[in-house]
Amino acid sequence: MTKNLLLKLTLAAVLAAGAAPCRAAGPQAAGKNRAQFALTFDDGPGYITEDLLKLLESRKAKATFFMLGTAVRAKPATAKKAQDAGHLIANHTDSHKNWFKLGKGPDRERTLAAEIRKGEEAIVKATGVKPAILRMPNGYDRPWVRETAKKLGYRTANWSYGSDWTRTAEDAMTREYLKATRAGAVLLLHDGGGKNRERTLRITAAILDEAARLGLEPVRLDVLLAGPAPGN
């Protein structure tokens, strides 16, 4: 299998799979540099985010941070540091609600729109930049979600691999992340919420080592999934 074909297949999985893998709204294609992948971090800013920013800077790596409005309001200066460092700031809604439950309700579109707007408001206030990519809590993905996001100027994106919220032992988890590090991959880790986020730093460092070995460049998600804006 050629590298170009492998990249096309990986991006097809990223753009067309269900709730657990990555999904993005609208037609998208890889950037000109084929040897790229994306590191993405959810639920922050958290207590390790500033250390993570230092790690990424030391490796000249760019990443995408899917931030919660509640977390941004708690750590606005950290959100601004991520933005100023050239990373992509994206919306993870305001408060990480359970959409597998709320998605069955009659007011789901209105509730989601309010969550997106409130998260956006916090991000704009802290960073001065309006996000354009949304990742739903727990990777929840339905046609009505993508349509609601599109109306608000967002495309949606999940991931091709992630497991740092599971109880998998760190050494085994690291091996799985390294196996998933390839051209076109969208890797999910967490810099906010939960416990033992220092593990995120160690796994990220291992991924960056593997990427360097493979000649892969870690880029922002909007660079990896370059394409027209929602509605175009």
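What follows is calculated from the coordinates using simple rules that are stated; it is not laboratory data. All figures in this text were calculated on a predicted structure; none of them were measured in a lab. Glycine gets a Cβ as well: all are built from the backbone with ideal geometry, and neighbour counts include every protein chain shown.
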Could you state the number of Å between the C-alpha centres of segment 166-232 and segment 83-99?
-> 16 Å
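Residues with beta-carbon under 10 Å from that of L53, excluding L53: net charge, scoring Lys, Arg +1 and Asp, Glu -1?
On the way: positive: K54, K81; negative: E50, D51, E57, D84, D191.
Here the count lands on -3.
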How large is ³J(HN,Hα), in whole Hz, for each residue of segment 116-128 in order, when computed from phi with the Karplus curve 6.51 cos²θ - 1.76 cosθ + 1.60 and θ = phi - 60°, using x for Gly and Pro?
-> 5, 5, 5, x, 4, 4, 5, 5, 4, 4, 7, 10, x
Pair R213, R175: separation of 7 Å Cα→Cβ label points (nm) | 1.3 nm
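So if each residue of separation counts as 0.36 nm, and I subtract the Cα-Cα distance between A114 and F100, what length gain in nm does that give? It would help to have the intermediate numbers written out before the result.
Values: separation 14, 0.36 × 14 = 5.04 nm, distance 1.70 nm.
Value of the extension gain: 3.3 nm.
Of all DSSP beta bridges located in segment 3-224, what percent are antiparallel, nearest 5? Display every interim value, and only then the final one.
Numbers: 1 of 21 bridges.
In segment 3-224, approximately 5 percent of DSSP beta bridges are antiparallel ones.
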